[in-house]
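The values are calculated or read from the model by the stated rules, or taken from the named source; none is laboratory data. None of these values were measured; they are calculated from a predicted model. No Cβ is skipped: glycine too gets one built from the backbone with ideal geometry, and neighbour counts run over all protein chains shown.
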């Protein structure tokens, strides 16, 4: 594999560059509402269609709050909801260090299924991630991985063909979506294994 042909390496955000602690969200909601965690988790299955609309950028954050909490009669105000919803991440420093090393020879970017609240929180609280160029998000493109549209948006930002790009994601279906367009996909299983894969490819 000729590593020189690659120009951009795309990273997934949640699960690759940052850890996502969904259980912390459930605990936060239970704390604010006085409901049991079990009840919050059980009710959360009803959130998924609205959460997808939010990730696609089809509804605003206050609309998402209304749909999820008011319709399910949770006694939680918007500020409490926002705090519970966003305070669930931490930076994966070992993966970020890999990205920093790659940046010496390649451009690095992000393709992420995320919503505006999560994305803004991550970028404001983990400012190191601002080194990634021209991030592409689902709420911006109104499409979700593994749909072709979101990858095409990312490629168009760099004006590059798919085979000049590498895509790293912790979900195999998202990797397959990128590969179907001609990008080189890497299924992320951990920082050390990612280093080994990139080393085998003579990328790092």
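Annotations for the structure displayed:
- Some residue of the stretch 188-202 being closer than 26 Å to residue 53 by Cβ and in the same structural domain as residue 119 (by TED's automatic domain parsing): no
- When residues of the stretch 134-159 are limited to those that are part of a loop (DSSP other than H, G, I, E, B) and touching a strand residue (DSSP E or B) at 6+ places or on another chain (Cβ under 6 Å), the one surrounded by the most Cβ atoms within 10 Å (Cβ to Cβ): 135
- Residues (in contact with a helix residue (DSSP H, G or I) (Cβ under 9 Å, 6 or more places away or on another chain) and without any contact (Cβ under 8 Å) to a residue 60 or more places away in the chain) located in the stretch 146-159: 146, 147, 148, 149, 150, 151, 152, 153, 155
- Test result for residue 130, part of a helix (DSSP H, G or I) and surrounded by 13 or more Cβ atoms within 10 Å (Cβ to Cβ): no
- Of the listed requirements (1) surrounded by 16 or more Cβ atoms within 10 Å (Cβ to Cβ); (2) touching a helix residue (DSSP H, G or I) at 6+ places or on another chain (Cβ under 8 Å); (3) assigned to a helix (DSSP H, G or I), residue 43 misses just one: (2).
- All positions within the stretch 52-65 that are within 17 Å of the chain's Cα centre (by Cα) and free of Cβ contacts under 8 Å to residues at least 24 places away in the same chain: 53
- Count of residues meeting criterion [at pLDDT below 90, crowded, with 16+ Cβ neighbours inside 10 Å and part of a loop (DSSP other than H, G, I, E, B)] in the stretch 3-38: 1
- The residue that is nearest to residue 34 (Cα to Cα), counting only those in the stretch 93-113 that are outside any helix (DSSP H, G or I) and out of contact with any strand residue (DSSP E or B) (no Cβ under 6 Å at 6 or more places or on another chain), is 113.
- If you go through the stretch 160-204 and keep only what is in contact (Cβ under 8 Å) with a residue 40 or more places away in the chain and in a strand (DSSP E or B), you end up with 165, 166, 167, 168, 169, 184.
- Options 31, 117: the member that is assigned by TED's automatic domain parsing to the domain that holds residue 167 and farther than 30 Å from residue 201 by Cα: 117
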